[in-house]
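> Pasting in a structure now, in structure tokens, and then I'll have a few things to ask.
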Amino acid sequence: MKFAQIIDFETERIDEMRELVREAEQGSAGRSGGPTHRMVLHDRNTPNRYLVVLEFESFDEAMRNSGDPETTRMAERMAPLCSRPPQFTDCDVRESSELK
């Protein structure tokens, strides 16, 4: 079963966050595992709030990614850019479809 994690965070430094993500994606190019999809959402009602939805092939794959030292380093670099600690929600994907 596919698995998704939602990361809810606030930052006034989104451009720096994006740069860290770009660096991480370049560093992980060609490696197996990790998320299969990523969606970044910006809360229109709370200007500095963002939600990132990461999809993985399975819960086990997400846990392997979570335990990867590169994931830990990225999280350590992102934490100081947040105005509050991120909140994580773990979800089993029950249904997913492209509508257009």
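The values are calculated or read from the model by the stated rules, or taken from the named source; none is laboratory data. Computed from a predicted model, the values in this text were never measured in an experiment. For neighbour counting, all protein chains shown are included, and Cβ atoms are generated from backbone atoms with ideal geometry for every residue, glycine included. SASA here: full protein model, heavy atoms, side chains in, ligands and nucleic acids out. Shrake-Rupley method; radii C 1.70, N 1.55, O 1.52, S 1.80 Å.
> Over region 38-100, what is the relative contact order in percent, taking alpha-carbon pairs closer than 8 angstrom and at least six residues apart?
Computed over region 38-100, the figure is 18 percent.
> Which length gain, in nm to one decimal place, applies between ARG77 and GLU57 when the Cα-Cα distance is subtracted from 0.36 nm times their residue separation?
4.6 nm
> Report, by chain and number, residues whose modeled amide H sits under 5 Å from the one on GLY34, excluding near sequence neighbours (fewer than 5 apart, same chain).
The list, which skips near neighbours in sequence, is ASN65.
> A follow-up question, please. How much of the accessible area of the chain, in percent, comes from carbon and sulfur atoms when a 1.4 Å probe is used?
50 percent
> Another question about this same structure. Can you pull the semi-axes for the chain, root of five times each eigenvalue of the Cα gyration tensor, sorted largest first, whole Å?
21, 18, 13
> Which value, in Å², gives the accessible area per residue of region 34-100 when a 1.4 Å probe is used on the protein heavy atoms?
Ligands and nucleic acids excluded, the figure is 78 Å² per residue.
> Is any residue of region 1-35 close enough, with backbone N under 14 Å, to a label point placed 7 angstrom from the Cα of ASP43 along the Cα-Cβ axis, and if so, which?
Inside the label zone: 7-12.
> What FRET efficiency do you get for LEU99 and ARG13 if R0 is 25 Å and r is their Cβ-Cβ distance, rounded to the nearest 0.05?
0.15
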